[in-house]
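Please read the structure below before turning to the comments.
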Amino acid sequence: IINSIKDLPYSDLIKDNLSTIVTKLGGFLIGLVSGSVSEIPIVVLSLFVTFFTAYYILVDWDKLQGKIKDILPYKNKHLMFVKIETVIDDILKGTFVLAIIEAVVAAIGFWILGIKFAILFGFLIGLFAFIPALGPLAIWVPLALIELSKQNPGVAIGIVILGLILMYIDAIVRI
């Protein structure tokens, strides 16, 4: 390691403090990994509850809708449900269009950057666009890290810029 850093600026300072740097970096990484690992059961349970709930809402929507109508104190219950269904339908259509836009932009961007399997990664970006907040980030961040580890900083920066463009598109379209 010492031989590889002697060409860097401040190489003497880095050499003198290498053990401290490695110790602190190691402690940080251990804390990061242990914190992430401790969150895995919570995330798995949350996903299970989400999919379980979504499944039964979709399967028993008519029964659930009837029970909610019985409970609500409004006079125009049917009109309220029609409006809710219209809004949900519009949100789903908008998300689908957004996913297609993000997939096409990502595929073109990955192709321009020379990424192998650009169409596949674009398709995955489109699929992940349906996941709020995490979405395409789950594809382009690891891809940028892989390119960075392959000593391709220019491509990695290009992927990050593409990812920021995708986030901008997502924010503008959702507003």
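The values are calculated or read from the model by the stated rules, or taken from the named source; none is laboratory data. Just so you know, these numbers come straight off a predicted model, no measurement behind them. Don't worry about glycine lacking a Cβ; one is built from the backbone with ideal geometry, like all the others, and counts go over all protein chains shown. We work out accessible area using only protein heavy atoms, side chains counted, and drop any ligands, DNA or RNA first. Shrake-Rupley method; radii C 1.70, N 1.55, O 1.52, S 1.80 Å.
Observations, loosely collected:
- The one condition from (1) surrounded by 13 or more Cβ atoms within 10 Å (Cβ to Cβ); (2) on the phi > 0 side of the Ramachandran plot that residue 114 does not meet is (1).
- Cβ-Cβ under 6 Å pairs, at least 6 apart or on other chains, the stretch 147-175 side within 13 Å of residue 106 (Cα to Cα) and in contact (Cβ under 8 Å) with a residue 60 or more places away in the chain, far side small (Gly, Ala, Ser) and surrounded by fewer than 11 Cβ atoms within 10 Å (Cβ to Cβ): none
- Scope the stretch 124-149; condition within 13 Å of residue 95 (Cα to Cα), open to solvent by 50 Å² or more (accessible area, probe 1.4 Å) and part of a helix (DSSP H, G or I); matching residues: 127, 128
- Here the stretch 150-175 is the region considered, the condition is being charged (D, E, K, R) and either farther than 16 Å from residue 121 by Cβ or assigned to a helix (DSSP H, G or I) (or both), and the residue that is most open to solvent (accessible area, probe 1.4 Å) is 174.
- Between 120, 98, 25, 72, the distinction of being touching a residue at least 12 places away in the same chain (Cβ under 8 Å) and either within 21 Å of the chain's Cα centre (by Cα) or surrounded by 10 or more Cβ atoms within 10 Å (Cβ to Cβ) (or both) belongs to 98 only.
- When residue 88 is tested against (1) farther than 30 Å from residue 57 by Cβ; (2) open to solvent by 50 Å² or more (accessible area, probe 1.4 Å); (3) among the β-branched types (Val, Ile, Thr); (4) more than 16 Å from the chain's Cα centre (by Cα), exactly one condition is not met: (1).
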